[in-house]
Amino acid sequence: MNQTTTTQATDSQARHAAKKIGVRAIKSRSHISLDNFGGYMLQDPITGGVGKGCRYELSTDDVLSICNQ
């Protein structure tokens with residue numbers, strides 16, 4: 001497996017784990033800035049409220065550990 005495939009697999013795992021607990025894992029698509037660290041945000045799909053990662057600071061490992069608690 002190459003780096004791209006591994007990254008895509010962990011991204012998919014993070015999104016699946018979030019969906020399993022009823023939240024949405026959203027990856028930043030913007031350029032990295034003071035308010036955007038280029039990672040993930042966990043969002044309530046009904047209200048649109050941010051649960052964790054309001055500055056897109058969560059990594060895939062962070063998302064997986066939060067969802068598996």
Qualifying residue in the stretch 4-13 (condition: modelled with pLDDT under 95, of a type in the set (A, V, I, L, M) and outside any loop (DSSP other than H, G, I, E, B)): yes
Residue list for the stretch 12-37, restricted to those being out of contact with any strand residue (DSSP E or B) (no Cβ under 7 Å at 6 or more places or on another chain) and within 17 Å of LEU64 (Cβ to Cβ): SER12, GLN13, HIS16, ALA17, LYS19, LYS20, ILE21, GLY22
Residue tally, condition more than 21 Å from GLN69 (Cα to Cα) and either open to solvent by 100 Å² or more (accessible area, probe 1.4 Å) or outside any loop (DSSP other than H, G, I, E, B) (or both), over the stretch 38-51: 2
Hits in the stretch 5-14 (condition: under 12 Å from the mean Cα position of the chain (by Cα) and surrounded by fewer than 18 Cβ atoms within 10 Å (Cβ to Cβ)): THR10, ASP11, SER12, GLN13
Number of positions in the stretch 14-33 that are under 15 Å from GLU57 (Cβ atoms), among the hydrophobic types (A, V, I, L, M, F, W, C), in contact (Cβ under 8 Å) with a residue 12 or more places away in the chain and in a loop (DSSP other than H, G, I, E, B): 0
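The values are calculated or read from the model by the stated rules, or taken from the named source; none is laboratory data. From a predicted model like this one, the values you see are computed outputs, not experimental measurements. Reconstructed Cβ throughout: ideal geometry from the backbone, glycine too, with neighbour counts over all protein chains shown. Each accessible area value is taken on the protein alone, full model and side chains, heavy atoms only, with ligands, DNA and RNA left out. Shrake-Rupley method; radii C 1.70, N 1.55, O 1.52, S 1.80 Å.
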